[in-house]
Amino acid sequence: GTPQKYDPTFKGPIYDRGCTDVICCVLLVIAIVGYVVVGVVAWTHGDPRKVIYPTDSRGQFCGQKGTPNDSSLRRPRGRGSRLHVSSSPNQICVSKCPDRYLTYLSAYNSRTPSELEYYRQFCVPEFKNLQKAPIKVLKDKECPAMIIPSTPLARRCFPAIRAKKGVIMVGNETTYDDGHGRRRNVTELLEGAKKANVVLETRQLAMKIFEDYTVSWYWIIIGLVIAMVASLIFIVLLRYLAGIMVWVMIVMVILVLGYGIFHCYMEYAKLKGEAGSDVSLKDLGFQTDLRVYLHLRQTWLAFMIILCIVEVVIILLLIFLRKRILIAIALIREASRAIGHIMMSLLFPLCTFFLLCLCIAYWASTAVFLSTSNEAVYKVFNETACQFSGQTCKPETFNTSNVTKLCPDAQCLFAFYGGETAYHKYLVILQFFNVFMFFWLANFVIALGQVTLAGAFASYYWAFKKPDDMPAFPLFSAFGRVLRYHTGSLAFGSLILAIVQVIRVTLEYLDHRLKAADNKFAKFLLSCLKCCFWCLEKFIKFLNRNAYIMIAVYGTNFCTSARNAFSLLMRNIIRVAVLDKVTDFLFFLGKLLIVGSVGILAFFFFTQRIKLVQDTAPPLNYYWVPILTVIVGSYLIAHGFFSVYGMCVDTLFLCFLEDLERNDGSAEKPYFMSPNLKKLLKKTNKGQPDA
């Protein structure tokens, strides 16, 4: 592209600007209105209780107030289980789980009426005739053939399995009567209760973790405050230590490579004369045991040559790029000064985080309500051959239908949640729209934060006398300009990124579905597409970020800003690469230092290894719970601080490139860069004192 021409009216972020990409702004508003409508419809039809509460065979909730089965638990009757006469998916709601072994025949034949009365609570609610023949009761599936001691878990009854001295037992018994006069081993119940035990163990683990949080939450907050203070101190110190850290890193890389070359030479010399060490790699061929190659001189010679080439390339790059490295260091120091003058920018990520949380909450709640919008579907179940088996039925009219006449033992039972209305047919499309809008709005919120910060930091750079010429509230001024003029441009950029991300999610879903298929070509094609769209997403994020900076400065539309930003960066590609790697290293070092130091401090504190505060540390079930929380929280805090710092560096860098192309240091076209940058580039403002 052609360099920017001098504009005598340009003095930083343009205030006299107009609305950009209005069509995209209108599309975003329409999409948001549609998203709200989808949410309202989902909340009208959905019922999250279907996820939380179990249901009986009639689709009625167990243990839910305002339902016929209030304060009840669900006890499965069948579902392919060996416990019962039939394998029909009967389920009933009970007030409490059974606490003993008992068969219906033994309860019926018992001389104490209380046994049969106790058993009746595990039968269907319509069962009233206790004198009915047991065979008829079991045939009509009014009662289970047997009950076993069970324990409630997640409002469901599961066999109360426990291990005693390595022996699996249920209710202190190792065998049970299956209701057919046969004794079975309780190990046959393990498969049915395996998931229940996992859930029970998970629940106990969650309770212990919750207890740890209740006694350590204030210490966790103190650790996060320490991480926040450390992040702030690190950003301030970058003004003075950026150059030292970068050059120490470069010297360390050179020394490590030098030691690698020395080590390879010593290994190469040590193998001289040893049997088999002179075999060539070509003659040896491919070996699965890679340690075999370490006994060959040719291997260490190849390593030494590769390291020597890398060493020479790095030294040559340092010789030719030393000035650009100095410029990158100067820009990093300047970014620290800019943040020092706009301290509110460090708190702005909290606003972005809050808006992202709203997007996530709306998306998640809408997804749950959409997934629970289905209606109860009832199917005909019959043990013997019946032409109506598996067909849809209605419980309220089933007993008077032709099905019961042709298939006397057929039952109309709850099968699953579904629906055949137009709304239910388009549920998949509504879920897809929900995911798409989540990506669009999340990217829009991130873009809003980036443009706001870019506008604030650009006002710092283009202030000739820093900070006297800066606006009173640069962050709020930039935020107001973005919402007033450039909502459409942000919607445009975030829309492009959202489309690519939705395609990536779709490819991941297809890849998951094709894992079981043995189609190598399809898997190869999907892998290629996933890789291409991953690269495309990274490129669009890079382009959007720089386009947003140009929007904040010049007020142009998205396409023009993206084109100008890309052209400007391509004209200075070497400077871009150097600055990117230098800042990446500093941010990695900063996160490593902050997270590592706070994590180590938390480890020594919560494991009571600091003698001064040994009695202060709270007693814990798992000391790793607060430690991991502090580490993750410290990383998020450091990432939030450095995201602001990174945006500041990128903004100042683009402004610096624009400054070099627009101005020449004359009285009419003075440089706006800091005195340190002018000194480094040997630039001066003729006839004017430096700011």
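The values are calculated or read from the model by the stated rules, or taken from the named source; none is laboratory data. Since the model is a prediction, treat every value here as computed from it, not as a measurement. As a convention, Cβ positions derive from the backbone with ideal geometry for all residues, glycine included, and neighbour counts pool all protein chains shown. The area values use the complete protein model at the heavy-atom level, side chains included, leaving out ligands, DNA and RNA. Shrake-Rupley method; radii C 1.70, N 1.55, O 1.52, S 1.80 Å.
Numerical summary
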| item | result |
| --- | --- |
| Test result for residue 666, under 30 Å from residue 459 (Cβ atoms), part of a helix (DSSP H, G or I) and hydroxyl-bearing (Ser, Thr, Tyr) | no |
| Sole residue being at pLDDT 90 or above, within 14 Å of residue 220 (Cα to Cα), part of a helix (DSSP H, G or I) and open to solvent by 20 Å² or more (accessible area, probe 1.4 Å), chosen from 600, 631 | 631 |
| Residue in the stretch 636-650 that is part of a loop (DSSP other than H, G, I, E, B) and closer than 25 Å to residue 450 by Cα present | no |
| Selection from the stretch 622-653 of residues that are farther than 22 Å from residue 236 by Cα and touching a Leu at 6+ places or on another chain (Cβ under 8 Å) | 626, 630 |
| Any chance residue 540 is within 21 Å of the chain's Cα centre (by Cα) and touching a residue at least 12 places away in the same chain (Cβ under 8 Å) | yes |
| Which listed residue is in contact (Cβ under 8 Å) with a residue 60 or more places away in the chain, of a type in the set (S, T, N, Q) and either surrounded by 20 or more Cβ atoms within 10 Å (Cβ to Cβ) or part of a loop (DSSP other than H, G, I, E, B) (or both), from 583, 616 | 583 |
| Conditions (1) at pLDDT below 90; (2) closer than 30 Å to residue 488 by Cα; (3) open to solvent by less than 50 Å² (accessible area, probe 1.4 Å); (4) not polar (S, T, N, Q); number of the one not met by residue 639 | (3) |
| Residue pairs meeting the criteria (Cβ under 6 Å; at least 6 apart or on separate chains; first without any contact (Cβ under 8 Å) to a residue 12 or more places away in the chain, in the stretch 670-685; second part of a loop (DSSP other than H, G, I, E, B) and open to solvent by 70 Å² or more (accessible area, probe 1.4 Å)) | none |
| Lone unmet requirement of (1) open to solvent by 90 Å² or more (accessible area, probe 1.4 Å); (2) farther than 25 Å from residue 581 by Cα; (3) at pLDDT 80 or above for residue 256 | (2) |
| Any hit, the stretch 342-349, residues being open to solvent by less than 30 Å² (accessible area, probe 1.4 Å), among the aromatic types (Phe, Trp, Tyr), in the same structural domain as residue 445 (by the TED database) and within 29 Å of the chain's Cα centre (by Cα) | yes |
| Residues located in the stretch 664-690, provided they are surrounded by fewer than 19 Cβ atoms within 10 Å (Cβ to Cβ), of a type outside the set (Lys, Arg) and within 46 Å of the chain's Cα centre (by Cα) | 675, 676, 680, 681 |
| Pair list, Cβ < 6 Å and 6+ apart or interchain, from the stretch 441-464 residues that are among the hydrophobic types (A, V, I, L, M, F, W, C) and surrounded by 24 or more Cβ atoms within 10 Å (Cβ to Cβ) to residues that are modelled with pLDDT under 95 and not in a helix (DSSP H, G or I) | 456/342; 458/13 |
| Breaking point among (1) more than 30 Å from residue 209 (Cα to Cα); (2) surrounded by fewer than 20 Cβ atoms within 10 Å (Cβ to Cβ); (3) in contact (Cβ under 8 Å) with a residue 60 or more places away in the chain, for residue 647 | (2) |
| Qualifying residue in the stretch 292-302 (condition: part of a helix (DSSP H, G or I), hydrophobic (A, V, I, L, M, F, W, C), modelled with pLDDT under 80 and open to solvent by 70 Å² or more (accessible area, probe 1.4 Å)) | yes |
| Some residue of the stretch 244-266 being in contact (Cβ under 8 Å) with a residue 24 or more places away in the chain, farther than 30 Å from residue 574 by Cβ and assigned by the TED database to the domain that holds residue 592 | yes |
| Number of the condition not met by residue 275 [criteria: (1) without any contact (Cβ under 8 Å) to a residue 24 or more places away in the chain; (2) touching an Asp or Glu at 6+ places or on another chain (Cβ under 7 Å)] | (2) |
| Any hit, the stretch 268-288, residues being in the same structural domain as residue 582 (by the TED database), within 28 Å of residue 593 (Cβ to Cβ) and at pLDDT 75 or above | no |
| Which numbered condition residue 312 misses (of (1) farther than 30 Å from residue 43 by Cα; (2) open to solvent by less than 20 Å² (accessible area, probe 1.4 Å); (3) at pLDDT 90 or above) | (2) |
| Filtered residue count, the stretch 228-247, keeping only those that are open to solvent by 80 Å² or more (accessible area, probe 1.4 Å) and closer than 24 Å to residue 677 by Cα | 4 |
| Yes/no for residue 261 being more than 30 Å from residue 583 (Cβ to Cβ) and assigned to a helix (DSSP H, G or I) | no |
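Let's see how each residue does on (1) among the β-branched types (Val, Ile, Thr); (2) modelled with pLDDT of 75 or more; (3) in a strand (DSSP E or B); (4) in the same structural domain as residue 491 (by the TED database):
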position	(1), (2), (3), (4)
35	no, yes, no, yes
50	no, no, no, no
63	no, no, no, no
66	no, no, no, no
80	no, no, no, no
108	no, yes, no, no
119	no, yes, no, no
128	no, yes, no, no
